[in-house]
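Below is one structure, written out as C-alpha cells; comments come after it.
The values are calculated or read from the model by the stated rules, or taken from the named source; none is laboratory data. Only a predicted model underlies this, so the values are computations on that prediction, with no experimental measurement involved. So basically every Cβ, Gly included, is an ideal-geometry build from the backbone, and we count neighbours across all protein chains shown. Keep in mind that these areas ignore ligands, DNA and RNA; they rest on the heavy atoms of the full protein, side chains included. Shrake-Rupley method; radii C 1.70, N 1.55, O 1.52, S 1.80 Å.
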Amino acid sequence: MELIDGKKISAQIKQELADEVVRLKAEGKKVPHLVAVLVGNDAASETYVASKVKACREVGFKSTELRYSADMTEEQLLEVVEKLNADTDVDGYIVQLPLPKHISEQKILLAIDPDKDVDGFHPCNVGKMVTGLPIYLPATPAGIVELLKRYHIPTQGKHCVVIGRSNIVGTPMSVLMSRKAEYADCTVTICHSRTPDIKEYTLQADILIVALGKPHFVTADMVKEGAVVVDVGIHRIASDKTKSGFRLAGDVDFENVAPKCSYITPVPGGVGPMTIVSLLQNTLKACKGLV
Ligand code: GUN
C-alpha cells in the first residue's frame, strides 16, 4: 500500500506557482488576485477561507477576504458580486458555500461573471467542463485528478466508483473520470444515499472516490483488494487521545481499509490540500486570461 501524500504534492505545486509569480513580476506583469467572500460565521467555512487566503500569501498571490454578517440580504450580496465583476484588479473570486438560508445560492452563483468564477460553479462553466472546453475545473475533482497524475496511477479502462453526487464534488468528479484524457477514460458508476446495496458496486471499484459526508462510511469489507481509494470526507470526531478533544477522520475507515489498497489518500493530508492548490491554479489561469 502506498500513501498518496497530498500535502507533499500540494507543496510542490505551490512552489511551481510561486516560481510563476516571480516570473510574472520580472516581466512586469500583474500578480494574480483572488477574493474570498464569506457570509456568516460557519466554523468550517471560516477555516476553509482562512486556508485559501494563507495559501495565496504563500505563493505570492494578492488575496482579499470580504466578510459579511449572516443577516446581510440577498440584494446586498448581489451588489458585492456586481462590484467584484466590475473590479479589474480582481482576477477571480469565490463566494464560500453554504450561504445563509435566506440567500439563494443559485441566484448568487448565476450572478458571478463566469470569467472570474475560479470555483467553476457557474452553469456556463459546468457546461464547458462537460463538453471538454478549456475552463476552470472544480477544485476538489481537479485536485484528485492531479494526484492520480503525479502518482502515475493508471486509470484508462478502469472502473471508477464515485460515492456522492454533489455539484461540488461527486457530479463533476464523475464527468472528469469518464472523459477521454490520460488520467481519466474510466467506466464510471455514481452511487449515493439512495443506492441500495452500495457494497455491490464498491466491491467492483478499481478506483473508489468517496464524497458522501459520513465518517467512516466505507469499511474494509466494501473494498476490493488492490483498489485505489480517494477519501474526500473530513469530519471532527471526539477523541480522548488528543489535547483538543477531537481528531479528524474521513469518509473511509482508513485504519482497516488501507491494508487492502494499492493507493489511498489519508485524512488529513490527502485531498484537502489539493483543493486549495487547484483554486490557486484556476486563479493563475484567470489572471493570464487562459480561459
Ligand atoms: N464549500 C465547500 N467547498 C467549497 C468550495 O470549493 N468552494 C466554495 N465556494 N464553497 C465551498
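One table, with the values for the structure above:
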| quantity | calculated |
| --- | --- |
| Failed condition for residue 30, given (1) open to solvent by 70 Å² or more (accessible area, probe 1.4 Å); (2) assigned to a helix (DSSP H, G or I) | (2) |
| Among residues of segment 121-148, those that are within 16 Å of the ligand (Cβ to nearest atom), touching a helix residue (DSSP H, G or I) at 6+ places or on another chain (Cβ under 6 Å) and open to solvent by 70 Å² or more (accessible area, probe 1.4 Å), counted | 0 |
| Which listed residue is at negative phi, assigned to a helix (DSSP H, G or I) and surrounded by fewer than 20 Cβ atoms within 10 Å (Cβ to Cβ), from 50, 55 | 50 |
| Complete set of residues in segment 149-166 that are surrounded by fewer than 22 Cβ atoms within 10 Å (Cβ to Cβ), of a type outside the set (Gly, Ala, Ser) and within 15 Å of the chain's Cα centre (by Cα) | 165 |
| Residue 83 assigned to a helix (DSSP H, G or I), under 19 Å from the mean Cα position of the chain (by Cα) and away from the ligand (no atom under 14 Å from the Cβ) | no |
| Residue ranges of strands (runs of 3 or more DSSP E) in segment 146-245 with at least 2 members in contact (Cβ under 8 Å) with a residue 24 or more places away in the chain and over 17 Å from residue 270 (Cα atoms) | 159-163, 187-191 |
| Some residue of segment 214-222 being touching a Ser or Thr at 6+ places or on another chain (Cβ under 9 Å) and not basic (Lys, Arg) | yes |
| Test: residue in segment 196-206 that is under 29 Å from residue 49 (Cα atoms) and either under 20 Å from the mean Cα position of the chain (by Cα) or crowded, with 20+ Cβ neighbours inside 10 Å (or both) | no |
| Every pair of residues 6+ apart whose Cβ atoms lie under 8 Å, when the first sits in segment 111-133 and is within 20 Å of residue 78 (Cβ to Cβ) and without any contact (Cβ under 8 Å) to a residue 12 or more places away in the chain while the second is of a type in the set (Val, Ile, Thr) and open to solvent by 40 Å² or more (accessible area, probe 1.4 Å) | none |
| Single residue of 24, 97 found to be within 14 Å of the ligand (Cβ to nearest atom) and either surrounded by 14 or more Cβ atoms within 10 Å (Cβ to Cβ) or within 27 Å of residue 269 (Cβ to Cβ) (or both) | 97 |
| Single residue of segment 61-80 satisfying the filter (within 16 Å of the ligand (Cβ to nearest atom) and among the β-branched types (Val, Ile, Thr)) that is nearest to residue 140 (Cα to Cα) | 64 |
| Top-ranked residue in segment 249-271 [being under 27 Å from residue 52 (Cα atoms) and assigned to a helix (DSSP H, G or I); ranked as nearest to the ligand (Cβ to nearest atom)] | 271 |
| Scan of segment 1-34 for residues that are polar (S, T, N, Q) and closer than 25 Å to residue 96 by Cα, ordered by number | 10 |
| Test: residue in segment 64-77 that is among the small types (Gly, Ala, Ser) and more than 29 Å from residue 209 (Cβ to Cβ) | yes |
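Residue-by-condition table, conditions (1) open to solvent by less than 10 Å² (accessible area, probe 1.4 Å); (2) farther than 30 Å from residue 92 by Cα; (3) within 16 Å of the ligand (Cβ to nearest atom):
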{"position": "242", "(1), (2), (3)": "no, yes, no"}
{"position": "273", "(1), (2), (3)": "no, no, yes"}
{"position": "287", "(1), (2), (3)": "no, no, no"}
{"position": "290", "(1), (2), (3)": "no, no, no"}
